[in-house]
1. Could you work out how far apart the two model spin labels at ASP100 and GLN154 are, taking each label as a point 7 Å from the Cα in the direction of the beta carbon, and quote it in nm?
2. Which listed residue (ALA208, THR184, PHE141) has the Cα farthest towards the positive end of the charge dipole for segment 129-211, taking +1 on Lys and Arg C-beta and -1 on Asp and Glu C-beta about the Cα centre?
3. Name the residue, out of THR20, THR174, THR189, whose mean-square fluctuation peaks in a Gaussian network model built on the chain with Cα pairs under 10 Å.
4. Size of the dipole of segment 28-174 about the Cα centre, Lys and Arg at +1 and Asp and Glu at -1 on the beta carbon, nothing else charged, in debye to 20?
5. Run lengths n ≥ 4 of DSSP H only: what is the helix-derived mean residue ellipticity at 222 nm for the chain, with -39500 (n - 2.57) per run over all residues, to the nearest 500?
6. State, to one decimal in nm, how far the label point of ARG50 lies from the label point of GLU215, with both points 7 Å from Cα in the Cβ direction.
7. Counting other Cβ atoms within 10 Å, keep those with at most 13, restrict to DSSP loop, and tell me which GluC sites (Glu not before Pro) in segment 189-249 are left.
8. To the nearest 20 Debye, how big is the dipole of segment 4-256 about its Cα centre, given +1 on the beta carbon of each Lys and Arg and -1 on that of each Asp and Glu?
Amino acid sequence: MTTTEQRDAFLQLGDHRLFTRSWTPSDPEASQRAPVLLFHDSLGSVELWRSFPEKLAAATGRRVIAYDRLGFGRSDPHPGKLGIGFVADEADSVVPQLCDRLGIGDFIACGHSVGGGMAIETAARWPELCLALVTIAAQTFIEDRTLAGIRLAQRDFQDPGNRARLARYHGDKTPWVLDAWIGTWLSPTFADWSLDRPLAGVRCPVLAIHGERDEYGSTRHPQRIAEGRGEALILPGIGHVPHREAEGALLAAIAGFLAAI
């Protein structure tokens, strides 16, 4: 049975610290394989990936690295309001610094929800380094279903209990995290956002995974991501969080895809 070594680190990127966690399989060949870089969703963090990263490392025989974006989890608070170009900015400015600090050369980009968008931007921005792209429940444009889901969540987070549960992961940063998601996505200035440009620049193999019952986006998104680039995998009966709802199926799909990389 493959075991993994877990390691936490705070990395200084400019004026701010980001929290990272890596899982390295005991397999001696793991160091020869490109690691998987995980991008979390709009309310996510390293901890909210739960058991998925460790199991992904074991299933793929690759080092897996997750990090809390600035303003999230155990990383430093964000100094201001989230910019409208935040999805592309993550790929442009944060990813190269992370790779430099962590000694990463080639890598696999894998992201959930808006993190999937960041993975797409990363694959397009760094084609010489990104060997493969995996998206999980990613959105590629502003869809009515996405906005309806966010408005419903906005009402749900009026409940102090729901906000308290989120605060277990983000602490005092929770109000900022909620505004960074709800305020940004519902803003009229974000209404024209899409990933058409970066998708046109993706050159690596692609696996776009999506739940059939995803409450934040239709299956049009994985179809657009995979079109002419790879495979769209629709998970029957699954919603927006496949790594919690169908972890085994998700792991098997990604491991099978990456076996050829």
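Values in this text are rule-based calculations from the coordinates and carry no lab data. Source: prediction; values computed, not measured. Because the Cβ atoms are built from the backbone with ideal geometry, glycine has one as well, and the counts that use them run over all protein chains shown.
1. With each label point 7 Å from Cα toward Cβ, the separation is 3.9 nm.
2. So the residue we want is ALA208.
3. THR189
4. Details: 17 positive and 18 negative charges, 93 e Å.
Computed about the Cα centre, the dipole is about 440 debye.
5. Numbers: 11 runs with 91 residues, N = 261.
One gets -9500 deg cm²/dmol as the mean residue ellipticity at 222 nm.
6. In this crude label model, ARG50 to GLU215 measures out at 1.5 nm.
7. Working: sites: GLU212, GLU215, GLU227, GLU231, GLU245, GLU247; in loops: GLU212, GLU215, GLU227.
Passing sites in segment 189-249 are GLU212, GLU227.
8. On the way: 27 positive and 32 negative charges, 52 e Å.
The calculation lands at about 260 debye.
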